[in-house]
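Participant: Below you will find the structure I want to go over with you.
The values are calculated or read from the model by the stated rules, or taken from the named source; none is laboratory data. No experiment lies behind these values; they were computed from the predicted model shown. Cβ atoms come from the backbone with ideal geometry, glycine included; neighbour counts cover every protein chain shown.
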Amino acid sequence: MEKQIIFKIIKSHQTEYLDPIKVVAGDHLKLGDYASESKWKDWIWAENSQNQAGWVPVQLVDFSKDKLSGFILEDFDAHELNIEVGELVTRLKSINGWSLVIKLNDNSKGWIPNENMEVN
């Protein structure tokens with residue numbers, strides 16, 4: 001059994017998006033701009049058929065020829081975690097400067113910037 005690495009939150013994070021995009025593999029997306037910050041350059045603004053919008057990793061998109069639309073390659077939920085300094089999390093995956101984590105105190109799951117945590 002693989003040992004779970006515990007991370008400590010060193011900077012709090014609050015989500016800006018109350019209704020984040022959720023998609024399942026094969027869903028069609030309308031695509032917008034890439035993130036303007038260089039550290040988030042591989043995220044693109046996307047909208048699903050239910051008019052939910054949010055940031056999606058470019059690696060998960062099969063782009064159309066005109067790059068204005070595409071299909072999501074795997075299930076993705078852009079829910080961000082509200083988290084405070086000192087809380088502990090485990091990481092499920094990391095992509096483009098963000099990690100999908102589980103908070104140890106309540107098992108809530110969501111995305112936070114990698115820069116907000118360090119190995120405990």
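Participant: Being surrounded by 11 or more Cβ atoms within 10 Å (Cβ to Cβ), modelled with pLDDT of 95 or more, closer than 18 Å to Asn116 by Cα and among the basic types (Lys, Arg) narrows it down to one of Lys8, Lys22, Lys30, so name that one.
Facilitator: Result: Lys8 is the single residue among Lys8, Lys22, Lys30 that is surrounded by 11 or more Cβ atoms within 10 Å (Cβ to Cβ), modelled with pLDDT of 95 or more, closer than 18 Å to Asn116 by Cα and among the basic types (Lys, Arg).
Participant: So how many residues does region 81-120 have that are within 16 Å of Asp42 (Cα to Cα), touching a residue at least 60 places away in the same chain (Cβ under 8 Å) and hydrophobic (A, V, I, L, M, F, W, C)?
Facilitator: Total meeting the criteria: 1.
Participant: Taking the conditions exactly as written (modelled with pLDDT under 95, surrounded by fewer than 20 Cβ atoms within 10 Å (Cβ to Cβ) and of a type in the set (Lys, Arg)), does Lys41 satisfy them or not?
Facilitator: yes
Participant: Another question about this same structure. Pairs needed: first member in region 56-80, within 25 Å of Asn107 (Cβ to Cβ); second member anywhere, charged (D, E, K, R); C-beta distance under 7 Å; at least 6 residues apart or different chains.
Facilitator: Final answer for the pair search is Pro57/Asp42; Leu60/Glu74; Asp77/Lys22.
Participant: Still on this structure, please answer the following. State whether the residues of region 81-101 include one that is more than 16 Å from the chain's Cα centre (by Cα) and of a type in the set (Val, Ile, Thr).
Facilitator: So far as region 81-101 goes, yes, one or more of its residues are more than 16 Å from the chain's Cα centre (by Cα) and of a type in the set (Val, Ile, Thr).
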